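A short write-up of the structure that comes next.
The values are calculated or read from the model by the stated rules, or taken from the named source; none is laboratory data. Model, not experiment: these values are computed from the prediction. Because the Cβ atoms are built from the backbone with ideal geometry, glycine has one as well, and the counts that use them run over all protein chains shown.
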Amino acid sequence: MHLHWQADNLVLRDWLRDRHSLTQRFSHCYRHFEVRCLAQGLKPLRPDEAACLGARPGQRAWTREVLLVCDALPVVFGHTVMLRHPRHSFDRGFHALGSRPLGGLLFSDPRIVRGPLEFRSLDARHPFYRRAIQALGAAALPSSLWARRSRFNHRAKGVLVTEVFLSAALPAAALPVNVFSVR
C-alpha cells in the first residue's frame, strides 16, 4: 500500500515502518514498559482478517487485545488473531501470555517469519479506533490514528497482529526515532 505521509505523521513513520519488535524498542526507549491484557478468547474474524488468514469471515479465532504502556502512558492498542487450526506448539505459548508481550514469543523463534507491513489511517468508523477509545476510557482521541498490521507465519500457522498507535500519547520529544530503525 502506498502512503502519503503528512507532516504530523513524520514522527510516527519510523515507528510504523520498523519491522523489529515494538516490545524490544519500547523497553529500550522508556524506563517502564508493560502490557495490559484487555481481552483474550474466541471471537469471530472480521472480513479483512479472514481474507488475510485464508479463513471464512465470521469464523471464530483466538483473539487478544492489549494496551502497550510506556512510563504509565498507553502508546499502542494491539489486536491479534490466530486461527484455531492447524494446531501448533505456538498455540500453548499464545494462550499463556497473560500480561507478557506477544513480541517475546514472535521474535524469539527464528522459524517465525514476518510478512509485509500494511498501514492504514483509522477514524471513528473503524472498530479498532473505537476499541482504543474504550480501552483508554477516553472521551476522544485525535480524529484519526495510524495503524499497521502484519502476518507472522510458521509453516501453515498464521498470526495477524494489528497495532494502533495512540499518537496523542507519543509526543515527538519522547520518540528516539533512530533506535532499531530499518530504512
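Could you please give the count of residues in the stretch 27-42 that are within 13 Å of the chain's Cα centre (by Cα) and buried (at least 17 other Cβ atoms within 10 Å of the Cβ)? Here the count works out to 1.
Evaluate the stretch 163-182: report whether one residue or more is polar (S, T, N, Q), buried (at least 17 other Cβ atoms within 10 Å of the Cβ) and modelled with pLDDT of 80 or more. Taking every residue of the stretch 163-182 in turn, none turns out to be polar (S, T, N, Q), buried (at least 17 other Cβ atoms within 10 Å of the Cβ) and modelled with pLDDT of 80 or more. Of all residues in the stretch 71-80, those being over 15 Å from the mean Cα position of the chain (by Cα) and surrounded by 17 or more Cβ atoms within 10 Å (Cβ to Cβ) number 0.
Note on the stretch 67-104: among residues that are over 22 Å from residue 31 (Cα atoms) and in a strand (DSSP E or B), the one that is modelled with the lowest pLDDT is 82. The number of residues in the stretch 48-66 that are of a type outside the set (A, V, I, L, M, F, W, C) and assigned to a strand (DSSP E or B) comes to 4.
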